[in-house]
Amino acid sequence: MFNIVKNTNKKGVMDFMLNYLLAIAALFLIISFFMIYFFVLGGADSSTVIIKSEEMQSSAKLINLLKTDMTQAGIDKKDILANNYLELIQELYLKKDEESTKEKLSSLLGPILIKMGQTENKNIGWNLKVYEKTTDQIDKINSLSLSARGSFIDENVIETFAGSEQIKFFRETTLIPIKDAEPIIVELYLSCNGCLNKDVWRYI
Amino acid sequence: MKPLFNNKKGDIFIISLVILTLLAFSTLAYYIQVNKSTRAEGILIGEQALALTNLYKETQNEKFYVESSAKLSQIETLKILSENAGYPKESSCKKLQKPFSTEALAIFNSDCPEFDPETSYKSQLESQLKLYLNNYKSLSYYKESNKKHLDEISSYFNNKFEIINNTIFTEIATNNTKFLEIEDNQIIKDSNILTFKPKKYPIEYSTNDSFYEYKMIISLSSPTLQLEQFTKLHTALESCKENMKTCEKTIKGSFPTAEVKFKSEYPNYLYINTKTNPEIKLLFNETNELPKYSAKAVFK
């Protein structure tokens, strides 16, 4: 059985191979066991949550929108009611119960929301909501709202999709002062029906 | 047959190798397990960076609100000055109701305090701005999904928060605007610069020792042109007060669109509406002197 090696110390070879094989087998078993433990069973996986990029909040887009000069938005000079969108919202909010207010908001703010979306898809678009924050609760009372759906304007924002509350992508909020009244919240976000995070990044 | 372990050096090496390999992997596995359990209770990865970016967002929101409020306050201030003959609300002249106008009109005479439009403007602006600052409500929230961590930090907020779906909504930053104090209010060339005292903002709510100090500076358009209207009117009245009948011509020389009139029921009173920006409306009683300028007045 061990005549495969000629002119050698057969007993030494037998000892060596026995020890060698045993050791290699043991090493192989140890390494295999730990590889399975770390990579297959996920022993090294951390259950710690890493902050997602969506957690990072910003108001830059909204503040820039509110500071935008209305004359630069391609609106007829005779239709301009204020110097910028901040003043427009402040003025229209004081007249929020009037019938013409929604139409004015739609015609003056709608085009810029459509431009921000840059899509014909009516399931995707930027929404703007203006509301008061009650002192003790976070419940919102919609006072003014506008939704750009593709290239169309809707005077009601999309709140639900397929029966559940819609995800608000890139949500930004800021507080603006109102003359002789409590400050109001302006909220801007992208709605995208049935989208996942990876589908919306190009609209940022 | 020779004993199994005859080649001692080789045997020692190979056995040591196996044992050390086993020890190494076991130690590694142990430390990973220990770390996993402690990290799960500690800070989330990226939390400090998140706290900083959220703080930056908070200060930007606050600055935007203060800037917008300052602009509204400036408009309201000039309106108040025009309705009070160039004086702030708290220290205005005596007023006469009717018959010149449905609203009460200030009588611009020596009974009024010392005349200094710039100082009046600054004090009224600061009062108006304070009203808006007191109304500010922070939209900041602290999101925490680890229940144990939530309980630990809730006491830090002294129960001034709401927990909805493991998210803490806090108005901890609200106090920062309520206590924003104006350090300096200067009218320089084309601008009115408002400098606020530095304010500390906590970065990480779970610790008490990380703060960011921010000094807000707001720039408004200069009110010089508007304030000069008051001194122009004072100068015009100064030159015609000896002969009131010539006042209409004198005032219209300075304010071409002005409305100037007498009423028979009040023969000593002259009603003036400059019809400029701001629209200054007041009464002047010829039996009395004009208010004196303050020694510190810039606009004379």
Checklist entry - Restricting attention to the range B:269-290, which residues are of a type outside the set (A, V, I, L, M, F, W, C) and touching a helix residue (DSSP H, G or I) at 6+ places or on another chain (Cβ under 8 Å)? => result B:THR274, B:THR276, B:ASN277, B:PRO278, B:GLU279, B:LYS281, B:GLU286
Item to check | So B:LEU105, is it out of contact with any Asp or Glu (no Cβ under 7 Å at 6 or more places or on another chain), farther than 28 Å from B:ILE188 by Cα, aliphatic (A, V, I, L, M) and surrounded by fewer than 22 Cβ atoms within 10 Å (Cβ to Cβ) | outcome: no
Checklist entry - For the subset of the range A:52-61 comprising residues that are at pLDDT 85 or above and facing chain B (nearest Cβ under 9 Å), which member is surrounded by the fewest Cβ atoms within 10 Å (Cβ to Cβ)? => result A:ALA60
Next on the checklist: Being within 40 Å of the chain's Cα centre (by Cα) and not hydroxyl-bearing (Ser, Thr, Tyr): is that true of B:GLU286 here?
Outcome noted: no
Checklist entry - Of the residues B:LEU81, B:LEU129, which is within 14 Å of chain A (Cβ to nearest Cβ) and modelled with pLDDT of 90 or more? => result B:LEU129
Checklist entry - Where in the range B:184-263 are the strands (runs of 3 or more DSSP E), entirely inside, with at least 1 residues that are in contact with a strand residue (DSSP E or B) (Cβ under 9 Å, 6 or more places away or on another chain) and within 27 Å of B:ASN84 (Cβ to Cβ)? => result B:191-196, B:217-221, B:259-263
Checklist outcome for this item: Being free of Cβ contacts under 8 Å to residues at least 40 places away in the same chain, surrounded by 12 or more Cβ atoms within 10 Å (Cβ to Cβ) and among the basic types (Lys, Arg) narrows B:LYS189, B:LYS199, B:LYS241 down to just B:LYS199
Item to check | Scope the range A:165-204; condition more than 10 Å from chain B (Cβ to nearest Cβ), surrounded by fewer than 15 Cβ atoms within 10 Å (Cβ to Cβ) and among the charged types (D, E, K, R); matching residues | outcome: A:GLU165, A:LYS198, A:ASP199, A:ARG202
Checklist outcome for this item: Of the residues in the range A:115-166, those that are part of a loop (DSSP other than H, G, I, E, B) and either farther than 12 Å from A:TYR189 by Cα or at pLDDT 75 or above (or both) number 18
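The values are calculated or read from the model by the stated rules, or taken from the named source; none is laboratory data. Computed from a predicted model, the values in this text were never measured in an experiment. Glycine gets a Cβ as well: all are built from the backbone with ideal geometry, and neighbour counts include every protein chain shown.
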